[in-house]
Amino acid sequence: MHSDRLDRAAIEQAICGRELPNDQPEHCRRCGGELWEGQPATLRVTRTTGETRWEIVGIWCPVCAPHELESSTLGAEDTLVEIEIAAGQLHPETWLQAVRPDVIDTASAHDEGGTDIDVGAVLMEVADGGE
Ligand SMILES: [Zn+2]
């Protein structure tokens with residue numbers, strides 16, 4: 001079975017509440033505009049295929065945000081996620097975090113030379129099914 005769509009709900013769950021990686025305010029990658037609490041933004045998050053943790057690798061203001069992924073890193077999964085920026089606070093620290101994530105595009109570029117599907121197990125199941 002092919003699954004070239006990543007699980008959006010799982011990605012959104014992983015991103016919700018994530019602390020943004022840079023400063024307060026964050027700055028748009030393209031125009032340098034300030035991104036504060038309460039503003040919408042778009043994140044690019046990526047992870048190596050097979051890993052569980054998504055890393056935030058890009059942030060844009062709504063004007064500059066890409067609407068689709070133009071390229072994907074081989075062996076990695078890329079996602080564009082629209083978020084709203086919220087303030088997190090745990091005295092005495094404050095930070096900016098992503099809330100209300102909404103995945104708008106995903107891409108997954110697999111190494112063509114390999115697969116980690118257990119072909120033997122799949123064939124066994126087919127045989128047992130009596131096709
Ligand atoms: Zn911008």
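Read the figures in this text as sums done on the coordinates, not as results from a lab. If you're wondering where the values come from, they're calculated on a predicted model, not measured in any experiment. Virtual Cβ from ideal backbone geometry, glycine too; neighbours counted across all protein chains shown.
Just need a number here: residues in the range 63-80 that are away from the ligand (no atom under 16 Å from the Cβ) and surrounded by 13 or more Cβ atoms within 10 Å (Cβ to Cβ).
Final tally of qualifying residues: 8.
Suppose we filter PRO62, PRO25 for residues that are more than 12 Å from the chain's Cα centre (by Cα) and closer than 14 Å to ILE104 by Cα; which single one remains?
PRO62
Quick check on my filter: what residues within the range 6-44 are small (Gly, Ala, Ser) and either more than 13 Å from GLN97 (Cβ to Cβ) or away from the ligand (no atom under 11 Å from the Cβ) (or both)?
ALA9, ALA10, ALA14, GLY17, GLY32, GLY33, GLY38
Could you grab me the full set of residues in the range 5-55 that are assigned to a strand (DSSP E or B), surrounded by 14 or more Cβ atoms within 10 Å (Cβ to Cβ) and touching a His at 6+ places or on another chain (Cβ under 9 Å)?
LEU35, THR42
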